[in-house]
1. Residues E159, E189, E212: which one is loosely packed, with under 13 Cβ neighbours inside 10 Å, without any contact (Cβ under 8 Å) to a residue 12 or more places away in the chain and under 25 Å from D108 (Cβ atoms)?
2. Looking at (1) crowded, with 16+ Cβ neighbours inside 10 Å; (2) modelled with pLDDT of 90 or more, which is the one condition that is false for D75?
3. Looking only at residues in the range 43-72 that are at pLDDT below 90 and of a type in the set (S, T, N, Q), which one is nearest to the chain's Cα centre (by Cα)?
4. Is there a residue being surrounded by 23 or more Cβ atoms within 10 Å (Cβ to Cβ), assigned by TED's automatic domain parsing to the domain that holds L140, among the charged types (D, E, K, R) and assigned to a helix (DSSP H, G or I) anywhere in the range 48-66?
5. Within the range 82-95, take every residue that is within 17 Å of the chain's Cα centre (by Cα) and modelled with pLDDT under 85 and give me the one that is farthest from A217 (Cα to Cα).
Amino acid sequence: MGNFMKWISGGLGWAFFGPVGGIIGFAIGAIVDQAEVHTYTQAGRTTAGDFAVSLLVLVAGVMKADGKVMRSELDYVKSYFTQMFGMEGTREAMKMLKDILEKDIPIDEVSEQIRTRVDYSSRLQMLHFLYGIANADGYLDPRELETIQRIAYHMGISEQDMESLKSMFYKDTESAYKVLEIERSASEEEIKKAYRKMAMKYHPDKVSYLGEEFRKAADEKFSKVNEAYETIKKERGIV
């Protein structure tokens with residue numbers, strides 16, 4: 001098995017309970033038949049296998065939302081998984097994604113299962129990635145945004161955090177305020193306090209236990225907080 005399937009096999013013991021397992025199980029059947037799979041879980045801690053299994057199912061749900069799967073979306077997913085699992089692992093992941101796309105995905109049930117089994121910081125990272133897929137072609141389709149909103153709600157993501165993550169994909173000052181979860185009327189001190197709070201919430205170290213690859217992938221989200229802060233500072237003339 002490639003590196004990707006080794007991590008997935010680690011999450012199987014978790015994944016096969018509930019709708020995520022029902023969807024993903026058939027996709028890896030052939031691979032499992034050819035390899036000895038050891039399942040394990042880490043009590044109270046999201047594993048790389050948990051994260052990858054969950055993300056694949058959510059990715060498929062968002063891709064299907066507008067009735068078509070775009071090449072730009074597939075390229076976005078491929079690029080991300082290449083960072084995580086290398087070329088061999090990405091080939092396995094893309095084959096699995098293709099199979100999942102052919103299934104009906106109970107988004108609400110899947111998202112609720114993820115809510116109970118995946119920590120909040122990892123769920124925020126998942127949501128950021130889903131917005132990235134929706135924006136892969138440079139346009140945030142309302143149907144994809146509605147699906148992501150449903151996912152966020154059932155995953156237990158706060159409305160403020162959802163708006164913050166979505167606003168990272170718009171380049172304007174108004175969105176910068178939303179990224180920091182503050183109003184335009186906020187004082188200079190409130191802006192600085194909000195920046196420190198969001199920098200801590202989205203810091204890559206929050207998901208570093210999943211592995212260095214995941215930590216690096218979280219850098220993009222963290223950099224958006226810094227960009228938003230710099231945009232507001234420039235507009236306000238804050239030193």
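The values are calculated or read from the model by the stated rules, or taken from the named source; none is laboratory data. Here the structure is a predicted model, which means the values were calculated and not measured. Positions of Cβ are backbone-derived with ideal geometry, glycine not excepted, and every protein chain shown enters the neighbour counts.
1. Exactly one residue qualifies, and that residue is E159.
2. Unmet condition: (1).
3. Of everything passing the filter in the range 43-72, S54 is nearest to the chain's Cα centre (by Cα).
4. Among the residues of the range 48-66, at least one is surrounded by 23 or more Cβ atoms within 10 Å (Cβ to Cβ), assigned by TED's automatic domain parsing to the domain that holds L140, among the charged types (D, E, K, R) and assigned to a helix (DSSP H, G or I), which makes the answer yes.
5. Here the residue is A93.
Residues are listed down the side, and each one gets a yes or a no for (1) in contact with a Lys or Arg (Cβ under 6 Å, 6 or more places away or on another chain); (2) within 16 Å of E112 (Cα to Cα):
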residue	(1), (2)
Y139	no, no
L145	no, no
Y153	no, yes
G156	yes, yes
Q160	no, no
E163	yes, no
K166	no, no
Y170	no, no
T173	no, no
